[in-house]
Amino acid sequence: MLTVGPGVRELRIRDALGAYRVIYIASLPDAIHVLHAFQKKSQRTARHDLELAATRLRQIRRGQE
């Protein structure tokens, strides 16, 4: 998911109740960081969800400096 940041991945889950997404990064040392998890309400991922994940990624990267 380059829209959020380099190395960020998306896990897609679909079941009878709907579609779900988990946005995470596993390329940072020592941990897998879940940036955001949510239920999809439409075909397109909402800008709010992408911005929230990007903000959390910036916070994680700042903490590693």
Checklist entry - In the stretch 28-55, which residues are closer than 14 Å to G7 by Cα, open to solvent by 80 Å² or more (accessible area, probe 1.4 Å) and of a type outside the set (V, I, T)? => result P29
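Before we move on, is R62 open to solvent by 50 Å² or more (accessible area, probe 1.4 Å) and assigned to a strand (DSSP E or B)? Outline the logic, then answer.
Values: open to solvent by 50 Å² or more (accessible area, probe 1.4 Å): yes; assigned to a strand (DSSP E or B): no.
No.
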Checklist entry - Assuming Q64 fulfils every condition listed in (1) modelled with pLDDT of 90 or more; (2) within 16 Å of P6 (Cβ to Cβ) apart from one, which condition is it? => result (1)
Next on the checklist: Of everything in the stretch 18-44, what is at pLDDT below 95, hydroxyl-bearing (S, T, Y) and under 14 Å from the mean Cα position of the chain (by Cα)? Give them in sequence order.
Outcome noted: S27
Checklist entry - Pairs, please: C-beta under 6 Å, at least 6 apart or cross-chain, first residue more than 16 Å from H33 (Cβ to Cβ) and free of Cβ contacts under 8 Å to residues at least 12 places away in the same chain and in the stretch 46-65, second open to solvent by less than 50 Å² (accessible area, probe 1.4 Å) and not in a loop (DSSP other than H, G, I, E, B)? => result none
Checklist entry - Among the residues of the stretch 1-18, how many are over 14 Å from L35 (Cα atoms) and not in a strand (DSSP E or B)? => result 2
Item to check | All positions within the stretch 1-11 that are modelled with pLDDT of 95 or more and surrounded by fewer than 17 Cβ atoms within 10 Å (Cβ to Cβ) | outcome: R9, E10, L11
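The values are calculated or read from the model by the stated rules, or taken from the named source; none is laboratory data. It should be emphasised that the depicted structure is a prediction, and the values quoted were computed from it without experimental measurement. Here the Cβ is made from the backbone with ideal geometry for all residues, glycine too, and neighbour counts use every protein chain on show. Surface areas here come from the heavy atoms of the whole protein model, side chains and all, with no ligands, DNA or RNA. Shrake-Rupley method; radii C 1.70, N 1.55, O 1.52, S 1.80 Å.
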